[in-house]
Structures are given as structure tokens and as C-alpha cells.
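Heads up, the thing below is written out as C-alpha cells.
The values are calculated or read from the model by the stated rules, or taken from the named source; none is laboratory data. Note that the coordinates shown come from a computational prediction; the quantities given were computed from them, not determined experimentally. Here the Cβ positions follow ideal geometry from the backbone for every residue, glycine too, while neighbour counts run over all protein chains shown. To get the accessible areas, we keep the full protein, side chains included, count just its heavy atoms, and leave off ligands, DNA and RNA. Shrake-Rupley method; radii C 1.70, N 1.55, O 1.52, S 1.80 Å.
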Amino acid sequence: LKKKVKEVALPSTALDPQSADEWSLMRQQGHRMLDDMFDYAQDIRERPVWQPIPEIVRSEFVEPIPYIETDIAEVHQQFMQSILPYSVGNTHPGFFGWVHGGGTAVGMLGEMLSAGLNANLGGRDQIPIVVEHQVVQWMRELFRFPITSTGLFVTGTSMANMIAVWVARNKALGPLVRSTGLSGTQSNQPSLPTKKLVGYTSAGAHGCIAQAMDLCGIGTDSLRVIAVDRQFQMDLKALEEAIHKDLEEGLTPFFIAGTAGTVDVGAIDDLTGIADIAARNDIWFHVDGAYGALGMLSQVVAPLLNGIERADSIAFDFHKWGQVPYDAGFILVRDGSMHHQTFASPAAYLRRESRGMAAGSPWPCDFGPDLSRGFRALKTWFTLKVFGGNRLGEVISETCRLAQYLASLIQDNPNLELLAPVRLNIVCFRYRHSDASLIDLFNSELVADLQESGVSAPSTTTINGKIAIRAAIVNHRTGNVEIEAMIAAILKLGAKRKEITKKKKQ
Ligand SMILES: *Cc1c(COP(=O)(O)O)cnc(C)c1O
């Protein structure tokens, strides 16, 4: 393990190991940590999906700021004992809560290398940005976007959706809005005509669309929430009616967000239909494809996404179906110059040059609100290169097959009932209960029982006013075994819970 290096006198404040021997210890420590994380991934099935955090463990994280140093081996020990066992469990194949990705060892290693480089991708002429541009180009290809489109890594789809609203707002109101604000008045100038913007999305949309309207200053009252049909897709007739009504009232429809993979049930809006309506009315067409958009990699899902290639912008996450470790959100914008106009700003310390380190303009910081940015592109580049798009697509197809398998087990069991059609990888169902006043509470308690059992971890949602057990199958590690184990645990815990409620009544 020991490597020959020239010993140089370091400043005593340097935070690196101070001698060859210290470096050698650091290497051993690092290899132990890597081994621990490989063990964690390799033996994940022997662990509970999730376990409640004991109070004693929680209390370890309420201590005064440490001014004195601690040996890294000791801190690592604390990680192994008090952190590793108590995360939410989305690496586990029995995790079906919300829509969480599973991560991979490959992605973890990519993340480790980015941390080693400590690259800041705000700008400047450096190969990490070239790597990010490579991923942007791959995404243009995947979604059949033009070369003039632009893309950017962000934290997640919440941020990506917000960037889309910002760009659409800039397009609708013109670049002056950046200085005048939504009121449209400039100091020392007569007030400009103002437009009142309105946006549209479906009742199945993620809450961050409304949040984006709020944070962009347009306000959630200006978001029309369009009803969904029986397939949980946006009702396009209602959408057109809402647009016409707003136009008649002198408002300015500026933004429609379709969803590719709703978070409740995995529905995909009729994207072609929305694209037509947006084109007819000259409205920005955005797709929230947080987890669904990467379905383009799957032969099963891609045909369902028809129309996504006509979007003005697409927001999605590599950290969900793409299996890249958190966080790795992405925004793709068709009109790259509009995207640039929305965020670029001159600042003396960010001066661009045609050569040297300050070349390479425009920089990523010209396309979003972040200046300092990590190298999210690297773990994504590793994941796409190492596995290849086909294999990642097969994972996506397999999660959809597993969802159909789960739905069939539910339909075959008289104690269970399906609450929504299964389009992709999300299954909503419930345990039947003869008492209508108890069934919601019964099912939410049952989900908590299940999570505490450590066997399986779905979450809950509300479907047509009913509490549903919601299983989202996202993890590449999940197979038939985990689906069968969840059903067996639900039947066992459900029967037990029925006994308890019966006894309470008596
Ligand atoms: C997960 C999700 C989001 C939010 O994405 P984050 O990466 O968590 O910010 C938005 N929309 C949909 C449909 C989602 O599934």
C-alpha cells in the first residue's frame, strides 16, 4: 500500500497527511471505507429496509461544535454504527416509497472521483464542463432536441421545473422583466404595459410546479389546475376551455406543464395533444419528466412518451430511474438563447476571456441561479458509459414488468384491491376492510406496520379521496422475490391488524 513520494515540508496548517507514513494510513483508512460501502451494497438484502432511529443514536447528533480534532477512524466508526444503518433505505430492493432511485457502486465511485477533483463547474475553461456538455449532447439525442438547445445539471426536478418557469416568464414578458420585475415599472420611466401571466398543469402534477409559480413571483393563484380523466391524464378539453376563458378575460397564458410519470400513479399526459394546444395558442410547453422522461431509454416506455420531443423544456432526474446517486437533476431547454438571456449577467469578477482559464463562455452559471456547482455530470457520465443506455433501459422496463406482476397478485387476492390503472412502475392499492369509516386509517397504519417490519417499505397516497398503499418500483435491485415478500407481509400484518381492531371493538 505504501507509495514512494518525495517528502516536502508542508505548511503546518495543511489539512493533508503530513508524511509518507501518514499518507499510508490515509490510504488504508480509505480502502476500509470503500470496502465497507461495497459490503453494504453486496449484503443489502440481509438488512432491514428501514428501522426506527433509537433515541440514543439520535442524541449523538446533538453535540456542541467540535473545536478539537478527532481521528478519522473514530469518526468512520461512528458513521458505521450510527449513520449507515438508519438512512431511509432506498438502496434496498424492498424499498417502494415515493420515487427514489437505488444508486449503484459505479455511481458512488464516480462521485468519489468528483470529490477528489473538487471541481467547481460554475464556469471557466476546464474539462469537467466539457464532460457536462457531453451529457447535454446525449440528452439532446435522446429527446431529439436541436443542437441549439441547452442543458444544465441542477439539484433535482424541483429546481429544473423552476428554471423552466423562469425562462418561459422571460419569453412571455421580454428581457426587461429582469429589471422591472412583474409590476413592469421602471424607475424614471413611465410604466410599461403589464401582462398577467397564467400557467396550466394537471391535478396529478407534482407540488413543485405550484411552488415554482410562487417562487417566480407569478403566484400559485395564477396556476390553473386542470382535472384529470379516468386514466389520470390531463383532460385536454378542460385545458383548452381554461385557456380560452383566460384569454377572454385578458390574461396571458404562458406555460403548460405536462407530466410524464405522475408521482401518484405514474400516468403520462397526452404529450402530443398538449403540444398541439400549446402550439395553437403560442404557449410554452414544459414536460415534468422527473422520473418518467428517462423512460426514453426503455423500449416499453419510450412509445408512451410520444410528443416529448416537441416540448420547449424538459425537467428530469438522473437520480430516480437513471440510478445515479443523489443528486442529479437536469433541465433541457429547446431555445438555448432564451435560456441564456434569462440568467446571464455581467459581473466584473466573472469576466470572460478568449484564452486562458477564463475562456469557454458561455458558462454554466449563465443558465441557472447557481454559481458554484459540483461535478454531478461525472457520476452520470460514468453510469451512462459503464452500463450503457440499453441496460439502463432494461432496468426501467423490468420495473414496469414488476409493477404488472404486483398488480396481478393484488387482483388475484380477495383481501386486496387495486385503486388505479398501472401504466408504468407505480401500483396503488389497499387492503379491503368492511368498515368504510376505518379503511383509510387501517391502510395508513398497515403501511407504518410494514415499514417498521423492515421487510418492505411502500408509502401512501390519496386516490379519489381514498388512502392507498403506493408501491413505486424504481430500484434496479428489485425482483419478484421482493414483490412477493411485500404481498406476504401485507397479508400477514393486515390479518393481525384486523384482529386487533376486532378486539378493541369488543
Ligand atoms: C420527484 C418528482 C419531482 C421532484 O423532483 P426532485 O428531484 O425531488 O426535486 C417533481 N415531479 C415529479 C413528477 C416527481 O416524480
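A few remarks follow.
- Carbon + sulfur, % of accessible area of the chain - ligands and nucleic acids excluded, 1.4 Å: 55
- Mean projected area (nm²) of the alpha-carbon convex hull when the chain is viewed from all directions: 30.3
- In region 116-240, Rg over Rh equals 1.05, where Rg is the alpha-carbon radius of gyration and Rh the Kirkwood radius from pairwise Cα distances.
- Each residue of region 261-276 was assigned a 3J(HN,Hα) from its phi angle through the Karplus curve 6.51 cos²θ - 1.76 cosθ + 1.60 (θ = phi - 60°); the sequence is x, 6, 6, 6, 10, x, 7, 10, 4, 6, 5, 5, x, 5, 4, 4 Hz, with glycine and proline shown as x.
- Note, ³J(HN,Hα) from phi for region 318-329, Karplus 6.51, -1.76, 1.60, rounded to Hz, x at Gly and Pro: 7, 7, 9, 5, x, 6, 6, x, 4, 10, 7, x
- Value of [θ]222 nm, deg cm²/dmol, for the chain, DSSP H segments ≥ 4, -39500 (n - 2.57) each, nearest 500: -13000 deg cm²/dmol
- Summed residue charge, Cβ within 14 Å of residue 33's Cβ, Lys/Arg positive, Asp/Glu negative: -4
- Here the convex hull built on the C-alpha positions of region 271-356 has a volume of 144 cubic angstrom per residue.
- Gap separating the Cα centres of region 236-286 and region 437-506, nearest whole Å: 36
- Amide H partners (placed H, <5 Å) of residue 96, local residues excluded: 457
- When both bridge partners sit in the chain, DSSP labels roughly 55% of those beta bridges antiparallel.
- Dimensionless Rg over Rh [region 165-310; C-alpha; Kirkwood]: 1.01
- In this structure, the amide hydrogen of residue 420, modeled 1.01 Å from its nitrogen in the peptide plane, lies closer than 5 angstrom to those of 428, counting only residues at least 5 positions away or on a different chain.
- Pair-distance distribution of region 408-491: all C-alpha pairs, bin width 10 Å, starting at 0; shares per bin in whole percent are 17, 56, 25, 2.
- Region 357-483: C-alpha pair distances exceeding 22 Å, %: 53
- Relative intensity, log₁₀ I(q)/I(0), of region 324-415 from a Debye sum that treats every alpha carbon as a point, q = 0.13, 0.19, 0.20, 0.25 Å⁻¹: -0.71, -1.04, -1.08, -1.25
- Close amide-amide hydrogen proximity is noted between residue 468 and 461, 462, 463, each under 5 Å apart and 5 or more residues distant or on a separate chain (H modeled in the peptide plane; Pro and chain starts excluded).
- Prolate/oblate/rounded call for region 377-416, Cα gyration tensor, a/c under 1.5 rounded: prolate
- Excluding same-chain neighbours fewer than eight residues apart, the aspartates and glutamates reachable from residue 245 by a Cα-Cα span under 19 Å are 221, 235, 276, 282.
- Violating pairs (Cα-Cα greater than 28 angstrom) within the set 195/320; 466/502; 171/320: 195/320; 171/320
- The orientation-averaged projected area of the convex hull spanned by the Cα atoms of region 235-297 comes to 4.5 nm².
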